[in-house]
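Q: Quick one: this structure, given as structure tokens, is what I'll be asking you about.
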Amino acid sequence: MDFAWRYRGRDFTEQDIGFVREFVTARPGLNRRALSLALCEAWQWKQSNGAPRDMVCRGLLLSLHRAGHIALPPARPCNPQQNKANRHRPEPLVPDNRPVHGPLRELGELRLELVRRTGQEPLFNSLLEQYHYLGYEQPVGEHIKYLVSAKGQIVACAAFTSAVRHIGVRDRFIGWDAAARRRNLKSIAYNTRFLILPWVKVPHLASHLLSRMSHRIAEDWQRVYAHPVYLLETFVDGERFRGTCYRAANWIEVGQTTGRGKNDSTNKANRSLKDVFVYPLERRFRERLQA
């Protein structure tokens, strides 16, 4: 059977498109998001953890609409600048900022807590917004958030999200082709934020925490999203940092980004280059990711 449409590595036939067209036409009262959720249910199109693949489905519907294959209801009017201005930023919560100094052994037991969808998540968001140089951005896709405490006081936080779609040096390090990357990209987690709070001055704490997180993240990801991760990745802005804590935690520097961004059409660098670090979570990570 001839394939009529390809979206994010999946082929759709004329019969598939006809089904979507009739599906949309039969539900004139639904908005675009409701149509996406209903189509996910009809197709049983779900993530590994059972959640509907809503954003992927909405992208498919929009691409078919723009190509003239289906007719979606009008998008709700919006003002991008107004939306940006009104975007909810985390409230500036006041943390326990007593100075924490001294050797690592004197901190006692360090507690790593998953806080996504818990009462501690607003504090996590607020700490990044206030004290991380990049601020807080709500992750899209799969993600987990860690708060780290010592003797009941928060000392650090870290976020891991879905991996970046394409990084040349990482992809060459893995040795996979484009098809394997599309299949297995979900098995890489991206350390998008890592923050030791500014009143915490404890030598070797950052590398110790990276090591602790690398030993538990595969189990946490499996429990939350029902699929494994085999490799961690992160970017380090070399103009600001040397990546010392990642090196000390045995992360591997594999090269630099191109500085072009995912939507580049000029093939020219338009942002600062980042050092790319990775951390394999098991010895057979290449075999797993190439499968």
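Throughout, read-outs are computed from the coordinates displayed, never taken from laboratory work. Only a predicted model underlies this, so the values are computations on that prediction, with no experimental measurement involved. With ideal geometry, Cβ positions are generated from the backbone for all residues, glycine too; neighbour counts draw on all protein chains shown.
Q: How big is the Rg/Rh ratio for region 91-242, C-alpha atoms only, Rh by Kirkwood, two decimals?
A: In region 91-242, Rg relative to Rh is 0.98.
Q: Can you list residues from other chains, or at least 5 along the same chain, whose modelled amide H is less than 5 Å from the amide H of Lys46?
A: Arg53
Q: If you don't mind, another one. Lysine pairs, Cα distance under 23 Å, 8 or more residues apart or cross-chain: how many in the chain?
A: Lysine pairs meeting both conditions in the chain amount to 10.
Q: Right, next: Taking θ as phi - 60°, what are the ³J(HN,Hα) couplings along region 204-214 by the Karplus curve (6.51, -1.76, 1.60), each to the nearest whole Hz, with x for Gly and Pro?
A: Using θ = phi - 60°, the values come out as 6, 5, 4, 5, 4, 5, 4, 5, 4, 5, 5 Hz.
Q: Where does the charge balance sit around Phe277 when Lys and Arg score +1, Asp and Glu -1, over other residues with C-beta under 11 Å from its C-beta?
A: My count for the surroundings of Phe277 gives 0.
Q: Pick from Asp54, Asp220, Asp16 the residue whose mean-square fluctuation is largest in a GNM of the chain, springs joining Cα atoms under 10 Å.
A: Asp16
Q: With an 8 Å cut-off on Cα pairs and a minimum separation of 6 or more residues, tell me the relative contact order of the chain in percent.
A: Across the chain, relative contact order equals 15 percent.
Q: Starting with the highest mean, order 111-121, 192-202, 92-102 by the number of other Cβ atoms within 10 Å, averaged over the residues of each peptide.
A: Numbers: 111-121: 14.2, 192-202: 18.1, 92-102: 11.7.
Sorting 111-121, 192-202, 92-102 by mean packing, highest first, produces 192-202, 111-121, 92-102.
Q: For region 163-193 and region 85-131, what is the separation of their C-alpha centers, rounded to whole Å?
A: Using only Cα atoms, the two centres lie 29 Å from each other.
Q: Taking the Cα atoms only, what angle lies between the long axis of helix 54-66 and the longest principal axis of the chain, rounded to 10 degrees?
A: 40
Q: Relative to the longest principal Cα axis of the chain, at what angle does helix 14-25 sit, 0 to 90 degrees, rounded to 10?
A: 90
Q: Tabulate in residue order the Karplus-calculated ³J(HN,Hα) for region 242-252, using 6.51 cos²θ - 1.76 cosθ + 1.60 with θ = phi - 60°, rounded to whole Hz; enter x for Gly and Pro.
A: Coupling constants for region 242-252: 9, x, 4, 5, 5, 4, 5, 8, 6, 6, 10 Hz.
Q: OK, next. Where both residues lie in the chain, what percent of DSSP beta bridges are antiparallel, nearest 5?
A: Working: 36 of 41 bridges.
So the antiparallel bridges amount to about 90 percent of the total.
Q: Give me the net charge for the shell around Pro73: Cβ to Cβ below 11 angstrom, other residues only, Lys and Arg +1, Asp and Glu -1.
A: Cβ neighbours under 11 Å give a net charge of +4.
Q: While we're here: Where in region 182-241 are there GluC sites (Glu not before Pro) that are in a DSSP coil and have at most 11 other Cβ atoms within 10 angstrom of their Cβ? All intermediate terms of the calculation are to be shown ahead of the outcome.
A: Details: sites: Glu219, Glu233, Glu239; in loops: Glu239.
Counting only loop positions with at most 11 other Cβ atoms within 10 Å, the GluC sites (Glu not before Pro) in region 182-241 are Glu239.
Q: Counting only residues 5 or more places away or on other chains, whose amide H sits under 5 Å from the amide H of Thr13 once H atoms are built in the peptide plane?
A: The answer is Ala4.
Q: Amide H of Val155 versus every other amide H placed in the peptide plane: which residues, excluding those fewer than 5 positions away on the same chain, fall under 5 Å?
A: For Val155, the qualifying residues are Val148, Ser149, Ala150.
Q: Any idea what angle helix 121-131 forms with the longest principal axis of the chain, computed on alpha-carbon atoms, 0 to 90 degrees, nearest 10?
A: Between helix and principal axis, roughly 70 degrees.
Q: Moving to a separate point now. Just to confirm a number: summing +1 for Lys and Arg and -1 for Asp and Glu over residues other than His227 whose beta-carbon lies under 13 angstrom from that of His227, what do you get?
A: Working: positive: Lys46, Arg183, Lys186, Arg223, Arg288; negative: Glu142, Glu219, Asp220.
Result for the local shell: +2.
Q: Please give the charge dipole size of the chain, origin at the Cα centre, charges +1 on K and R Cβ atoms and -1 on D and E Cβ atoms. Round to the nearest 20 debye.
A: 280
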